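Since the structure comes first, as structure tokens, the remarks are kept for the end.
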Amino acid sequence: MIDEYDVKLGYRQHPLLLRWGLLATGKVAHDFAQALKFLPHHTITAVGSRTIERAEWFARRHAIPTAHGTYEELGSDPNVDIVYIASLHPDHKDHAVMALNSGKHVLVEKPMTMSAEDAQLLYDLGKEKRLFVGEGMWTRFFPAVEWTRSRIGVGGCNDDDNEGEVVAEPKIGNVRVIQADFSIDGEDVGPYPTDSLYAKELGGGSAWTMLPYVVGAFSLPFGSREPDRITANGIIPDGDYDVGDVAIGMTMTFTIDDNESHQQQQSASRENNIDSRPPPRNKAIASGVVGYLAESSEVTMYAGKRGRILVNAPAHCPTSATLISKPIGSRGNGATSSDSGGDSSSSNPTTMHVQFPLPLPSKAILDSGGVQLPNSMGFVYEAEAVRRLISAKSYTFPQWTPEESVGSIRTIEQMLNQINQ
């Protein structure tokens, strides 16, 4: 199953053959290469690394025809249309600028850069050169997340359907409460404190590896609307090494463009009766935790007045979601807001569980090592969205817009400023 959000916005499927060049040869680049093998209109024509030996090893493993011993050679390869940048976080900006100035489209692994200013520079450069620029927030392309988006008021919409949006019922209405987490046991991944997971000079710290997913989960209902208020606390170890944070806890508040609540407040004001004023339903709160201390459940929850949605684990690359709907005025356990001894069956919540199985790896994928990270076959959704957008001469993601991408990095910067004080 391929993500349909860009198709719903009017972009067409087209038999464009997209020729990829992979910049870097680590685990993420390996898994991305494996996913591309599943897609019929994608091919990997070149790979670049800091050494020709590493590039040639990766090329042999994935049957890639050309290996380059420098990233600049990859950028100038005439048989490459788009460069997938999976280098260390601090190098993303320079590598993307190099590729764009070489006339290549770019898909940059998250975080796109380590500052909002640098991310905006990349989007501006892509616009100037009419080249695709996207941040690889692959979560947004999973069908379970697209399904979730269709069941909430994206951008602060009311329950009324907006023109141009696909009607999907039931919906939970405006999102009022979000809970999200993404925490792992870092020692399951690499040695402390020298692994790139931790080392600040290599872009380590959970702020740049785990936090983008939770910030992205928070912004799903609100689009480019940034938080009104951010409160963050974190754990930064003391010691001889320049180590990034190992855990961050946070809360954020958002304002919703809620016409329904506004009309109710105006009506109450006209009646001049303070007791009839509705609660501040144009506000939402989000809370979460990320880090390397221990493995958490990694479930994202969105709650509105008409129910809640669980994006099930692993929420950063999910294959299922659960919607628990309820009539307004009832509680989730089926009780009503007033104490009545009558039949409460009409107020009982209903549950809808949806599953979106991942594509099965082919023999070629299995023979070259399979995938190394959870649910990496889900890269197919993001990659196919890129191809369709480029074929339609549309050069940014609608699922993860430049405004949302830059805003998320700005939010991370604000949190780091707080925990580093």
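Brief remarks on what is shown
- Each residue of segment 27-34 was assigned a 3J(HN,Hα) from its phi angle through the Karplus expression (A = 6.51, B = -1.76, C = 1.60, θ = phi - 60°), giving 4, 5, 4, 4, 5, 5, 4, 4 Hz with x at Gly and Pro.
- ³J(HN,Hα), Karplus 6.51/-1.76/1.60, whole Hz, each residue of segment 223-230, x for Gly, Pro: x, 7, 6, 7, x, 6, 8, 10
Since every read-out is calculated from the coordinates, none of them should be taken as a lab result. Quick caveat, the model's predicted, so the values are computed rather than measured.
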